[in-house]
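The values are calculated or read from the model by the stated rules, or taken from the named source; none is laboratory data. Everything quoted here is computed from the prediction, not taken from an experiment. Counting neighbours? That spans all protein chains shown, and the Cβs are built from the backbone with ideal geometry, glycine included. Heads up: the accessible areas ignore ligands, DNA and RNA and are worked out on the full protein's heavy atoms, side chains in. Shrake-Rupley method; radii C 1.70, N 1.55, O 1.52, S 1.80 Å.
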Amino acid sequence: MLLQLILNSVISGSIYALVAIGFTVIYRTVKFFHFAHAVVFTSGAYFTFLFHKLFGFSIYFSIPFAIIFALLLGCLIEKSIYKPLRKKQASSMILLLSSLGIYILLQNLISMVFGDDTKSIRTGIVKEGINIFGARITPIQITIIITSIIITTLLLLFLKKTKIGKAMQAVANDAELANISGINSDRVILSAFAIGSGLAGLAGILVALDVDMTPTMGMNALMMGVVVVIIGGVNSIPGIVCGALLLGFAQNFGVWYISSQWKDAIAFGILILFLLFKPEGFFGKKMRKVSV
Amino acid sequence: MKKSIIIVLAGLMILTFFIFINSCAKKEKVIKIGAILPLTGGAAKYGESAKRAIDLAVEEINSTGGIKGSKIKVIYEDDQALPDKGVSAIQKLITVDKVPVVIGAMPSSVTLAMAPIAEKNKVVLFSPASSNPKITEAGDYIFRNDVSDIFEGGKMADEAWRRLKFRKIAVLYINNDYGAGIKDAFVYSFTILGGEIVVTENFEQGTTDFRTQLTKIKQDDPEAVYIVGYKEQIQILKQFRELGLKSQILATIMLEDPEIIQKVGDSAEGAIYTYRAYDPNSEQKEIKEFVENFKVKYGIEPDNWAAQCYDALNIIALAIKDSGYNSDSIKKALYGIKNFPGVSGLTTFDENGDVIKPIKLKTVKNGKFVIISE
């Protein structure tokens, strides 16, 4: 049973990590709370549902296309709303409110088009999970874990090795300075939205394959994702992965030893502890003030 | 000058006279009944079904001359299944429309929030679908046409012990008034009978991950698991199977939902659950007519909530007909109703305003809902 408990924790942690990494790629470049990320996450699942169940395309075709559509949705939001607002020198508060507006609008649009009930991409047949030393895991859950390992590694390489990745780091550190040194920050922000939204779409699809979808699924996922980002530290991908696992383990062991009412309380309890004692995140170092 | 004043005064007098006559006539002609239902939001599906049934009942009564010649008019308000919306809705119905009786609400939480207001204003509140045990004590003017969870949980405990011969049972319930109410009733009755509750686990409404709760239950290896929840049951049943649990599934009326069966396939196969007395396939004359008329009007088969709402309006109409159109006489008449032949079962009210109706046992067989015992 301990193995099962560890597996349950790793599954939760992998999902948290996927959502958190997508969110942080965007957050670190634009520095405001992109609420609409939640609806991009949801859209991935619903695009897959649309292509696969309503249009009848194969699932292997529907998933990549749904990811592309989620990616485009993210870019569209940036291009049509955030960018014009940024040009008008809008504060983070205004951007945050506008993103909340987009979230509400699009979430209701999904409700209107697809209905509020649970939709699923999978077939109605439920099989027993694969038996690993008495613990059970389903193929889709294995996929979730493997995908989040691959995605994390790829993203780390991307940020470290490619030109646009390095430019994203630069904009994350100081947008103005990056601009002065010839980096087109608008383009960098757009690519951050593309990558982050694609990841969100992918995460949404994986979650929906496991536990189905509702129009409000994104907000719950985003809440935990944001807790993970704060625990892990905005600028550290390994930190976020550790934060996600910590949260997954703490919640599942909390349910095991205490009670399930405490699941969210544990998450936010950890959040408060980190904010109090380690606000710079898992691997973050204390910043020293530097005067130039 | 004087003459013109007299003419104006006379005119005014005539006018007031006509308004008075008119308002008297109106009062005679229309019997207003309030109804607070979730017409939008997540529970709109239930609200719509309820409204259709009430409309059908009103139509039938009005087409046969109404109540002693007066037509019934139902004033609908939307509560979105939210307590605060319900409170403003009932305040509006009491102060603006001045109705003596209100049908509503469907969710227990909304009914419980509205009850003190109805009680204070001496307005009869008749819930067609709230099952929380707390409503029993909600007040003198509060009635309901849905069996209290005490009875449902108690019935399941009884059947699990006597008929199914289970001795070790785990409970997995939704952490709200509804879930806790049923769980308490079940645990109480089952332990009194001598059974053992090996573990009780809960979950928050709308969550999708039940693996750790189910893992905990699996470790204790109960003969049966009693599951109390709404749509969460889809994920619970799926993960139940995925984690390789083998215990018998026991559930509540909320399991009878084609959507759940469609989403979990044969994972729900063999699950046993309690259900209200309503049976759309019954051969009884009243039920047959109701199902027929509902189908003709709306194109679908009425569900249990529709049946209970249909009865609710008919019972209120009967009370008004027997003892008059004011809240105190309606209240008195409702307490006196015994063995009313409703489409949702033989209906009697006890001294708390709780309905007493039979509960039956059903199971899922080849993806269909089948009755085990009446």
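Can you confirm whether A:A244 is open to solvent by less than 20 Å² (accessible area, probe 1.4 Å), over 26 Å from A:L5 (Cβ atoms), small (G, A, S) and in a helix (DSSP H, G or I)?
Here the answer is no, as A:A244 does not meet what is asked.
Would you mind stating whether A:S80 is within 14 Å of chain B (Cβ to nearest Cβ), in a helix (DSSP H, G or I) and modelled with pLDDT of 90 or more?
no
Out of the residues in the range A:110-122 that are of a type outside the set (S, T, Y) and open to solvent by less than 80 Å² (accessible area, probe 1.4 Å), state the one that is nearest to the other protein chains (Cβ to nearest Cβ).
Within the range A:110-122, the match that is nearest to the other protein chains (Cβ to nearest Cβ) is A:D117.
Which number in (1) assigned by TED's automatic domain parsing to the domain that holds B:E48; (2) outside any loop (DSSP other than H, G, I, E, B) marks the one condition that B:D266 misses?
The one condition B:D266 does not meet is (1).
Considering only the range A:97-131, state which residues are outside any loop (DSSP other than H, G, I, E, B) and in contact with a Leu (Cβ under 7 Å, 6 or more places away or on another chain).
Listed by number, the list holds a single entry, A:S98.
Please identify the pairs in which a residue from the range A:137-163 that is farther than 25 Å from A:N8 by Cα has its Cβ atom under 7 Å from the Cβ atom of a residue that is open to solvent by 30 Å² or more (accessible area, probe 1.4 Å) and not in a loop (DSSP other than H, G, I, E, B), counting only partners at least 6 apart or on another chain.
Listed by first residue and then by second, the contacts come to A:L159/A:Q169.
Mind listing whichever residues of the range B:130-140 are assigned to a loop (DSSP other than H, G, I, E, B) and buried (at least 24 other Cβ atoms within 10 Å of the Cβ)?
Residues satisfying the conditions are B:S130, B:S131, B:N132, B:A138.
Can you name every residue in the range B:188-208 that is open to solvent by 30 Å² or more (accessible area, probe 1.4 Å) and of a type in the set (D, E)?
Result: B:E196, B:E204.
Looking at the range B:113-122, can you tell me whether even one residue there is in a helix (DSSP H, G or I), out of contact with any Gly (no Cβ under 6 Å at 6 or more places or on another chain) and either surrounded by 21 or more Cβ atoms within 10 Å (Cβ to Cβ) or within 14 Å of chain A (Cβ to nearest Cβ) (or both)?
Within the range B:113-122 (the criterion being in a helix (DSSP H, G or I), out of contact with any Gly (no Cβ under 6 Å at 6 or more places or on another chain) and either surrounded by 21 or more Cβ atoms within 10 Å (Cβ to Cβ) or within 14 Å of chain A (Cβ to nearest Cβ) (or both)), the answer is yes, since at least one residue qualifies.
Would you confirm whether or not the range B:285-296 contains a residue that is open to solvent by less than 10 Å² (accessible area, probe 1.4 Å) and touching a Gly at 6+ places or on another chain (Cβ under 8 Å)?
Checking the range B:285-296: not a single residue is open to solvent by less than 10 Å² (accessible area, probe 1.4 Å) and touching a Gly at 6+ places or on another chain (Cβ under 8 Å).
Select from the range A:212-243 the residues that are touching a residue at least 60 places away in the same chain (Cβ under 8 Å) and within 14 Å of chain B (Cβ to nearest Cβ) and list them in ascending order.
Scanning the range A:212-243 gives A:D212, A:M213, A:T214, A:P215, A:T216, A:M217, A:G218, A:M219, A:A221, A:M224.
Go through the range A:41-82 and give me each residue that's open to solvent by 50 Å² or more (accessible area, probe 1.4 Å), without any contact (Cβ under 8 Å) to a residue 60 or more places away in the chain and closer than 21 Å to A:D212 by Cβ.
A:L54, A:F55, A:G56, A:F57, A:S58, A:Y60, A:F61, A:P64, A:F65
Do you know which residues across the range B:203-247 are touching a Gly at 6+ places or on another chain (Cβ under 7 Å), at the interface with chain A (Cβ under 10 Å from one of its Cβ atoms) and part of a helix (DSSP H, G or I)?
B:E242
Spot the failing condition for A:I125; the list is (1) surrounded by 15 or more Cβ atoms within 10 Å (Cβ to Cβ); (2) touching an Asp or Glu at 6+ places or on another chain (Cβ under 9 Å), and only one is missed.
Failing condition for A:I125: (1).
How many residues does the range B:97-112 hold that are outside any loop (DSSP other than H, G, I, E, B), open to solvent by 20 Å² or more (accessible area, probe 1.4 Å) and not aliphatic (A, V, I, L, M)?
Total meeting the criteria: 1.
What residue, of A:L202, A:L222, is under 15 Å from the mean Cα position of the chain (by Cα), under 30 Å from A:T118 (Cβ atoms), at pLDDT 90 or above and open to solvent by 10 Å² or more (accessible area, probe 1.4 Å)?
Unique residue meeting the criteria: A:L202.
Looking at B:L334, B:L346, B:L313, B:L361, can you tell me which residue is touching a helix residue (DSSP H, G or I) at 6+ places or on another chain (Cβ under 9 Å) and not in a helix (DSSP H, G or I)?
Being touching a helix residue (DSSP H, G or I) at 6+ places or on another chain (Cβ under 9 Å) and not in a helix (DSSP H, G or I) holds for just one of B:L334, B:L346, B:L313, B:L361, which is B:L361.
Of the numbered conditions (1) in contact (Cβ under 8 Å) with a residue 60 or more places away in the chain; (2) part of a helix (DSSP H, G or I); (3) hydrophobic (A, V, I, L, M, F, W, C), B:I372 fails exactly one; give the number of that condition.
Going through the list (1) in contact (Cβ under 8 Å) with a residue 60 or more places away in the chain; (2) part of a helix (DSSP H, G or I); (3) hydrophobic (A, V, I, L, M, F, W, C), B:I372 breaks only (2).
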